[in-house]
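> Handing you this structure, nothing more for now.
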Amino acid sequence: MRGMLGLSMFNAGKYGNAVAELEDVVKRDPGQVQTGSALMAIYMQSGQAAKAVKVGDTLLKHQPGQPGLHNLLGTARARTADLVGARASFKQAIKLDANFIAPQVQIARLDNNARVFDAALARLNGVLAKDRKGGCRQQPVAAPTYRCRSASMRSCNSRTMAMP
């Protein structure tokens, strides 16, 4: 019940109030991926990526087969400058769902930022070729989606939180 309350507060844009509820749920039941993902999103949007990484690591101990969660954790790791860990998380997301575009794009961004342009270009061309054949998804299968109402989190409106 507290998880539903926290998610409702999150969806209503009441992030300060949602954090306490979401933290309590994740503490009591670390397998709650949707609740934990919302908490990770709030942490990342408020500049607390290290906390998001901690939550993501906890969630993955209980739900290791979630490609969207691996992608979200990769994004959090990248924001803490753990680029090796970020890449590993993105690769795990791809391993779990080879047609999930977001981690492919994130690895291409890492390559581009590292000035490994040929690798970034090859990865993106591979994604585009696969997408032309209809084999790619913006979200992993059964990814939770959220609607964010505040201006500070408007970038995630109607998108999965697994997508940065």
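> Quick check, is D111 within 21 Å of R123 (Cα to Cα) and not hydrophobic (A, V, I, L, M, F, W, C)?
So D111 fits the description; yes.
> Does any residue in segment 110-122 that is within 15 Å of R87 (Cβ to Cβ) come within less than 8 Å, Cβ to Cβ, of a residue that is exposed (fewer than 12 other Cβ atoms within 10 Å of the Cβ) six or more places away or on a different chain, and which pairs are these?
Filtered contacts from segment 110-122: D111/F117.
> If I filter segment 4-56 down to residues being part of a helix (DSSP H, G or I) and of a type in the set (D, E), which single residue comes out as surrounded by the fewest Cβ atoms within 10 Å (Cβ to Cβ)?
Among those residues, the one meeting the criterion is D24.
> Does A162 satisfy being under 13 Å from the mean Cα position of the chain (by Cα), hydrophobic (A, V, I, L, M, F, W, C) and at pLDDT 95 or above?
Here the answer is no, as A162 does not meet what is asked.
> Now a separate question. Just checking, how many residues over segment 41-55 are modelled with pLDDT of 95 or more, closer than 16 Å to D24 by Cβ and among the aliphatic types (A, V, I, L, M)?
Adding up the residues that qualify gives 1.
> Out of everything in segment 57-72 that is assigned to a helix (DSSP H, G or I) and of a type in the set (S, T, N, Q), what residue ends up being surrounded by the most Cβ atoms within 10 Å (Cβ to Cβ)?
Per the criteria, the residue is N71.
> Sticking with this structure for a sec: Which of the residues spanning segment 83-109 are aliphatic (A, V, I, L, M) and in contact (Cβ under 8 Å) with a residue 40 or more places away in the chain?
Once the filter is applied, which keeps residues that are aliphatic (A, V, I, L, M) and in contact (Cβ under 8 Å) with a residue 40 or more places away in the chain, segment 83-109 yields A93, L96, A102.
> Scan segment 73-96 and give yes if some residue there is closer than 17 Å to V26 by Cβ, surrounded by 24 or more Cβ atoms within 10 Å (Cβ to Cβ) and either out of contact with any strand residue (DSSP E or B) (no Cβ under 6 Å at 6 or more places or on another chain) or modelled with pLDDT of 95 or more (or both), otherwise no.
Checking segment 73-96: at least one residue is closer than 17 Å to V26 by Cβ, surrounded by 24 or more Cβ atoms within 10 Å (Cβ to Cβ) and either out of contact with any strand residue (DSSP E or B) (no Cβ under 6 Å at 6 or more places or on another chain) or modelled with pLDDT of 95 or more (or both).
The values are calculated or read from the model by the stated rules, or taken from the named source; none is laboratory data. Treat the numbers as computed from the prediction; the structure is a model and nothing was measured. Neighbour counts are summed over all protein chains in view; Cβ atoms, including those assigned to glycine, are modelled from backbone coordinates with ideal geometry.
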